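One structure is given here, and the rest of the page talks about it.
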Amino acid sequence: MTIDPIDPRRVPRFDHGSRVPGWDEAVDLTKDPAEVPDPATTPVPDDLRAAIEAHIAKYPERRSATVPALREVQERYGWCTPEGIEQAACVLRLTPAYLISVATFYDMLETRPVGRNTIYVCTNISCSLCGADELYTTVRDEVGDDPEFNVRSFECLGACDIAPMASVNGTYVGPISLDEVPTLVQQVRDGAEPLPDKQLARRRSVDPNAASRS
Amino acid sequence: MTQLILFKDIDEPGLATLEVYQRRGGYEGMRKALGMSRDQLIAELEASGLRGRGGAGFSMGKKASFIPKGTMDKYLVCNADESEPGTFKDRELMQKCPHMLIEGMIIAAYAVGANRAFIYIRGEYELQAQILERALEEARGQGYIGEDILGSGHSMTLWLHRGAGAYICGEETALLDSLEGKRGNPRLKPPFPANQGLFQGPTLINNVETLATVPHIIRMGGEEYAKLGTPGSTGTKLVSVSGNVRNPGNFEIELGTPAREIIYGLAGGPHEGREVKFWFPGGSSSPVLLPKDLDLPYDFDSMAKAGSMLGSGAIIVIDDANSVVDVALKTAKFYRHESCGKCTPCREGTNWTVRMLERIDSGEATPMDLDIMASVQEQIIGNCLCVLGDAMAMPVGSMIAKFREEFEAHIEAARERNDALTTAVAPPEALIQGAVA
Amino acid sequence: MPRPETRMVTLSIDGREVTAPENVMLVDGAKYGDVEIPVFCYEPKLGAPVGACRMCLVEIEGIPKLQTACSTPVKDGMVVHTQTARVHAAQEAIVEFLLINHPLDCPVCDKGGECPLQDISFGWGGGRSRFIEPKRHFQKPLALSPLIAIDRERCILCYRCVRFSQEIAEDYQLVLQERAAHTFVATFDGHPYVAPFSGNIIELCPVGALTSQPYRFRARPWDIEGSGSVCTLCPAQCNVNFTVRDERVLRVLARDHAEVDDGWLCDKGRFAYQAVHVDERITRPMIRDGGELRPVSWERALEHAASALGRAQARVGAIAGGETTNEEGFLLQRLVREVLLSNDVDSRAGGSLSLDLHRALGAPAAQATVSDLEFADAVLVLDCEPVDDAPILDLRIRKGVRRRRVELAVATSRPSSLDPNARLRVRFAPGCAEAFLLALEAAIGTAAGEPRREEVARLAQAAGADAGAVHALADLLTTSGDDVVVLWGERVTGGERGEYAGRALLNVAGRLGLRDRDGAGLLCVPAGTNGRGLAEAGVLPNAGPGLSEVEEAGRDAAGIAAAVAAGDLVALYLLHTDPLRDLPNRGAWEAALDRASLVVAHAAFLTEGIRAHADVVFPAESYAEKEGTVTHPDGRLQRLRPAIGHQGETRAEWQVLAELARRLGRDLGVHTGPMATDQLVAAVPFYAGITLDELGGKGLRWPAREAASAFPAPATAGPFELEPPAPAPAPNGRLRLGTFRSIWAAPEVEVSPALKFLHPRQRAELSPADAQRLKLFPGDRVTVGSDGHSVSAIVALRDGAPEGTVFLETAIPEDSASLLEGPLVEVRKA
Ligand SMILES: Cc1cc2nc3c(=O)[nH]c(=O)nc-3n(C[C@H](O)[C@H](O)[C@H](O)COP(=O)(O)O)c2cc1C
Ligand code: SF4
Ligand code: FES
């Protein structure tokens, strides 16, 4: 009798995340080791270099500018591309491995290609008490497989007062009702302001005592 | 009615600008402070009884007094990471009155002799970061930040540092690592930041609200401030109320105000026809309380006495339409996602808890699993490197303890549902596949 | 920086009174009372504890929460409990958590049987798991590098490997990715973890997550024996433990010696043991017959060599390679001097120095030790690249900078891997160490108030260095503190003006007051493993054993080559060396080898010179088979012990040398290995009384023994009046030639299957400015040439490379830079 070995690739990825891309990846033995990129062989766009240097200047140690530098890379390339990371590593004088280690730690830094429009739907406790899970699936469905979008369910975004809410390309909007989702998605596609009336920026304090003063 | 301090002019148009802020008396606290000695300032802060508003509730004045004297590089860090679920008070302060925070930081930096200061703001707060950057520019333009501030001899830099999405970076030592450009892993304590913090230098770390209160304390005097609130919990506090209430938002209350007044009076109570089932008094890390606890005064000591904590002052109200299993699962998933992964009990314990809760939810558990789950929570509490693990174990443990029957009923109901399903349709083949999948 | 003093404190652990050094961590303190506290993440070699695994939780009276014993220093009067119900519960909890996702595939795991996770689960775990969810499964094992396999299922995220990469080797290639339960150990974008010290993570891993590719599935812990010895692949002489199964070396582990290696090994030392058992190894004597080397019996080989040497008599030159032991070197010079009556014996590659200079540079009073590098106030790395020349010292220097804030200065021609750690970097032109040292001496004088600025400027220019940087260096060395260690490469004293450069070095040492100071001094990185020992054993043309005077000085290596080529000498005796590979000026050696009528070689591999020119080849012992002693650059005599029997027909070298002498009519009186040691000790006054037993497992520094007073004092140790050297010639469009020898340039690396991929190919290292001028791009093939010789190389750009210089490797089989004569070369696109 022969027993088929378990092929781990057949174990699908649990939604609850016991498999992460990367776990099953071996290295490519034909590559050179990734040391601190040598400026002589790593071209860095001038404006990117200048932006990173400006961050570095704020801190007593260069390394502090790691996250700001990665944000610059993401802004420029849409995500933290290997080349972008090498460029930042070259300016910061760190290894690209160090940068990827930091980048993968933080939720907002993308280390795989993603759509340009980011929608974080908060699905934490307060928002989900107000229907965030439905909101999230609705947004996903509405977006479909449009590659221009990066829709993610996110942990508490610090705006439970406008639950259920989402951060749309950095702009907080809420409460979002399910029937507003098509409009919202269309606005993003059109490059228009997302749900202007629902933006947090316009919200007044709800404290009755505070409100009575102005 | 509560005497408003932080929210007094909060909706005044243009308050975020230097001009309006100064028209409302802004930066007077700073001027006064720069005329006082460092010891005097720290004495005022201690007299005010101000306890940290970020979660741990440690005396602000005492913490400042721990910063060693001397000429070494010292740092002030404002913790604006505000990621505790249910908390959004710092956001409103920074967005509407950024100068209040800046003024507080200048005073605090002067008091402890710190020459470099940073605001660590969570990466998601785009708008607030922009507003703060603008306000910082204005303050630099006025010479409030820079060399020899208003001729006081005190110099400082103050930069905004934006995070990139990690709850753990709110933990003060993880925040320091993150600010140093590393993964946001908490550090072993001791050494405490006051001795060895950012870049190894003595560092004072405070929450936004704590620091924003400082100018007011200096203006009104520590003793005067201490008259507000209760003896153990002086002053006013911003409370974020969310969840199943009609009027969610931030409210400034005097500490000691009964919780019922906040939830029902200010936040409007649960929706039509609903009842409060349970509530988190201080963010999702706090053990849950029941309706019977609603009449407790909302302050540090009373919440602790009730077996919970005031935390960041974030009340989440859950009404009777919701299942405790769902809330427990959401809570546990949050902490599993946010665990930094450095220490064993937190990394593995949160993961295990989620997976057990998922089985409970899907009906593949027995009541014995509840015992195991409760015991796993106990195995986490007190054994972790920082308190993130405890922050899951305490509320989840409290939910199991307080709602055990509901968990059991849920298991039973889900099991019956599964039985009906499997005997009716699923062929064994699919079941085996399902076990792998 | 003085070493911290230790005070003892008394505390109570589980009711026992325990006395332990103050401020050690509780885990270590407990050992003084025979109490074991289990740990996973704690490893003091990795620096400050991280407190991550939580395995070491204990109860301390007066502190409500359990504390991690790995991060709590012991205090006087502390009362600790490790056996309470609370502690047991916590320990069981941690074990249970750790095993949640661990596959427990111990029966097929290399670590099984020597696995801390097994031991601790057994000793401290609850023996049960309540985790019934499916475990995670991943593909395994995956390659992390050609040397290391990673099995992520087994990883318990103890952080040891990544801490090693980041905080010890500082290569920052191995990191954690993702967060929480998703965290995993990985490199950037699928790049392999290839770095000089990567293998240490295998030994650090407390589970079977990181395994050695060459060792995987070769043995189980109950099949093997450990055998302690010393690695002789470079001058660092790290202490090692050979893992032996059935007379085969299967693995090399570190044998922690705080004064030598600090418990680390480089990958050459860890994996090149494979060379012991490869087919390429010579294990039978050979004689050239009809133009080809053919295996013959020992009898024939010995007879052939003896009679041919007998015919050559005094016209024999002998060279000992760096791996030669003290005893072998000693017997070789006896054979040459007493039996063959020749004076021509040498062990130095770079030309001879006066006996006085040898004595002054080797004097115990001037000597710094390896651990001084860590505790010094300032360290100057002078004309050497530790990571290539003595790799383990690179880690020690990093440690000093990182942990004790040692002020590091690097003064080299080629950019150093220590540059980023250094407070100060000074570049000078290749081969211009003499001018540089004179400039430094003058600058130190200026710092002391002498008006010598102009002199500094002039000399710095002659050295191709920046005068400002030389002044800055002088400032750093004079103001950081009194304990200054100069780690200098033997190439400083190489070449024609080596003698003067050596004197200039002594002048600088004198200016800095390094003589007679504990914790300060000079530490030489010799070109060969046992460079120091061979000099002390008398393998120098102008010195006998114990650096004694010889009646008539002989020729040095370069002189021997010239004399053979000219026909003045007719035979060459090569003990562990292939001149084409190991010595400079390959052209001269080719001529000599061509002309020699007899070449006798002890060799383990048929490198190009041996293959083409040797007439008799004796199979050389590998270091795993050897018995004897070697001397560490800081004067520590260390003992080699055979881990395995001789492979094939190999015989001990001392035996072969003694046998040859016998056949030539002289009994050297050596019938066992230890007898050779006894003779050596008797012949070197400052080794007097040393026995192999006394050396034991840890060796012994002779300069620290009483007999050191018998060291022959130099006539003068300076200050010397020195003439400035002629300035370097003007380049006229050409480039200066700098050479270096990579850590991987060794025949052992070439033949070890696991390491083959690292064996270097010639690259021409250029500054971006020169490349631009020459219109060259990385990857271009070029020829680098001078005086009719040229080698082929691939262009590599390096930002830090000084303009006007091209760097090439030596000691490689093809296109070695030793073919070229400097100082100027032309670089042309091929
Ligand atoms: C997991 C965790 C998350 C935290 N998040 C925050 C936060 O987002 N904002 C904050 O001010 N404090 C947070 N804290 C508390 C801080 O560690 C620290 O106590 C606080 O910044 C001190 O400031 P305070 O004394 O002014 O409250 C957190 C603590 C933990 C353990
Ligand atoms: S691979 Fe080994 S050493 Fe590295 S974190 Fe995992 S268990 Fe620790
Ligand atoms: S050994 Fe102490 S926490 Fe790991």
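The values are calculated or read from the model by the stated rules, or taken from the named source; none is laboratory data. If you're wondering where the values come from, they're calculated on a predicted model, not measured in any experiment. All Cβ positions, even for glycine, are placed from backbone atoms using ideal geometry, and neighbour counts span all protein chains on display. Each accessible area value is taken on the protein alone, full model and side chains, heavy atoms only, with ligands, DNA and RNA left out. Shrake-Rupley method; radii C 1.70, N 1.55, O 1.52, S 1.80 Å.
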Exercise. Answer with one residue from A:162, A:176, A:135: the one whose Cα lies farthest towards the positive end of the charge dipole of segment A:133-191, charges on Cβ with Lys, Arg +1 and Asp, Glu -1.
Key: A:162
Quiz item: Expressed in whole Å with the largest first, what are the equivalent ellipsoid semi-axes of segment A:117-197 derived from the C-alpha gyration tensor as the square root of 5 times each eigenvalue?
Solution: 18, 13, 11
Quiz item: For chain A, which longest stretch is free of loop sites, where a loop site is one of the GluC sites (Glu not before Pro) that DSSP puts outside H, G, I, E and B and that has at most 15 other Cβ atoms within 10 Å?
Solution: A:62-147
Self-check item: segment B:299-345 - Rg (one decimal) and Dmax (whole number), Cα, Å
Solution: 14.0, 37
Quiz prompt | Solvent accessible area, Å² - residue A:32, 1.4 Å probe, full protein context | solution = 110 Å²
Quiz prompt | Set B:89/C:65; B:32/B:237; A:31/C:698; C:140/C:756; B:62/B:292 screened for pairs whose C-alpha atoms are more than 30 Å apart | solution = B:89/C:65; A:31/C:698; B:62/B:292
Quiz prompt | Given chain A, longest segment not containing exposed loop trypsin sites (Lys or Arg not before Pro) (DSSP; at most 13 other Cβ within 10 Å) | solution = A:117-203
Quiz item: For segment B:324-422, max minus min Cα coordinate along each principal axis, in Å, sorted largest first?
Solution: 45, 24, 19
Quiz item: To the nearest 20 debye, what is the magnitude of the charge dipole of chain B about its Cα centre, counting +1 on the Cβ of each Lys and Arg and -1 on the Cβ of each Asp and Glu?
Solution: 1100 debye
Quiz item: Put simply, what bits of segment C:759-807 lose 30 Å² or more of accessible area when the other protein chains are there, versus the chain on its own (1.4 Å probe)?
Solution: C:797, C:799
Self-check item: Principal axes of segment B:200-295: Cα extent on each, largest first, Å
Solution: 51, 35, 22
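Can you give the mean number of other chain Cβ atoms that lie within 10 Å of the Cβ atoms in peptide C:130-143?
Whole-number average of other-chain Cβ neighbours for C:130-143 is 6.
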Quiz item: So, how do all the Cα-to-Cα distances of segment C:8-83 break down into 5 Å bins, in percent, from 0 on up?
Solution: 3, 19, 31, 26, 16, 4, 0
Quiz item: Any idea of residue C:193's accessible area? Nearest 10 Å², probe 1.4 Å.
Solution: 0 Å²
Quiz item: What do you get when you divide the Cα radius of gyration of chain B by 2.2 N^0.38 Å, with N the number of residues?
Solution: 1.06
Quiz item: Rounded to two decimals, what ratio of Rg to Rh does segment C:557-636 give with C-alpha atoms and a Kirkwood Rh?
Solution: 1.03
Self-check item: Nearest 10 degrees, 0 to 90: helix C:673-683 Cα axis against chain C principal axis
Solution: 60 degrees
Exercise. Could you pull the Rg and Dmax for segment B:18-227, using just the Cα atoms, both in Å?
Key: 15.6, 45
Quiz item: Could you give the Stokes-Einstein D for segment A:58-214 in µm² per second, using the C-alpha Kirkwood radius, 37 °C, 0.692 mPa s?
Solution: 190 µm²/s
Quiz prompt | Overall Cα dimensions of the protein assembly as shown - principal axes, largest extent first, Å | solution = 117, 87, 70
Exercise. Sort C:417, B:178 by accessible area with a 1.4 Å probe, largest first.
Key: C:417, B:178
Exercise. Quantify how much of the Cα-Cα distance distribution of segment C:735-829 extends past 15 Å, in percent.
Key: 57 percent
Practice problem: Please give the direction-averaged projected area of the C-alpha convex hull for segment C:356-525, in square nanometres with one decimal. | Solution: 8.5 nm²
Practice problem: Enter the accessible area per residue of segment C:466-600 (Å², integer; probe 1.4 Å; all protein chains in place). | Solution: 32 Å²
Practice problem: First measure r as the distance between the Cβ atoms of residue C:128 and residue C:608, then evaluate 1/(1 + (r/R0)^6) with R0 = 56 Å and state the FRET efficiency to the nearest 0.05. | Solution: 0.30
Quiz item: Between segment C:439-501 and segment C:91-162, how many Å separate their Cα centres?
Solution: 54 Å
Quiz item: Hey, any idea what the orientation-averaged projected area of the convex hull of segment C:440-568's Cα atoms comes to, in nm²?
Solution: 10.4 nm²
Quiz item: Under the definition of partner shielding as Cβ atoms of other protein chains within 10 Å of a residue Cβ, what is the mean value for peptide B:125-136?
Solution: 2
Self-check item: Cα→Cβ-extended label distance, 7 Å offset, between residue C:479 and residue B:11, nm
Solution: 6.2 nm
Practice problem: Taking the Cα centre of segment C:17-129 as origin, work out the dipole magnitude from +1 charges on Lys and Arg Cβ and -1 charges on Asp and Glu Cβ, in debye rounded to 20. | Solution: 320 debye
Self-check item: Dipole in debye (nearest 20) - the protein assembly as shown, about Cα centre, beta carbon charges: Lys, Arg +1; Asp, Glu -1
Solution: 860 debye
Quiz prompt | Order of exposure, largest accessible area first, which applies to B:30, B:394, B:36 with probe 1.4 Å | solution = B:394, B:36, B:30
Exercise. Go ahead and estimate [θ] at 222 nm for the protein assembly as shown from helices alone: -39,500 (n - 2.57) per DSSP H run with n ≥ 4, summed, over the residue count, rounded to 500.
Key: -9500 deg cm²/dmol
Quiz item: So what's the gap between the Cα centers of segment C:314-335 and segment A:152-174, to the nearest angstrom?
Solution: 79 Å
Quiz prompt | segment C:771-796 and segment C:570-610: distance between their alpha carbon centers, rounded to Å | solution = 28 Å
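What does DSSP give for chain A in terms of the percent of beta bridges that are antiparallel, rounded to the nearest 5?
Expressed as a percentage, antiparallel bridges in chain A total about 55.
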Quiz item: When the Cα atoms of segment C:250-335 are enclosed in a convex hull and the volume is divided per residue, what value in Å³ results?
Solution: 161 Å³
Quiz item: Once the convex hull of the C-alpha atoms of segment C:286-377 is built, how many Å³ does it hold per residue, rounded to a whole number?
Solution: 185 Å³
Practice problem: Enumerate by residue number the GluC sites (Glu not before Pro) in segment B:186-274 meeting two conditions: DSSP loop (anything except H, G, I, E, B), and at most 14 other Cβ atoms within 10 Å of the site's Cβ. | Solution: B:272
Self-check item: Inter-chain shielding of B:110-119 (mean C-beta neighbours from other protein chains, 10 Å cut-off)
Solution: 1
Quiz item: What GluC sites (Glu not before Pro) in segment B:114-195 are in a loop by DSSP, with at most 13 other Cβ atoms within 10 Å of the Cβ?
Solution: B:147
Practice problem: Please compute P(r) over all alpha-carbon pairs of segment A:34-113, binned at 5 Å starting from zero, and give each bin as a whole-number percent. | Solution: 3, 18, 31, 28, 17, 3, 0
Exercise. For chain C, restrict the atom set to alpha-carbon positions and state the Rg and Dmax in Å.
Key: 28.0, 87
Quiz item: Expressed as a whole percentage, what fraction of the accessible surface of the protein assembly as shown belongs to carbon and sulfur atoms when a 1.4 Å probe is rolled over the protein heavy atoms?
Solution: 50 percent
Quiz prompt | Cysteines in chain A lacking a second Cys C-beta under 4.7 Å | solution = A:80, A:90, A:130, A:156, A:160
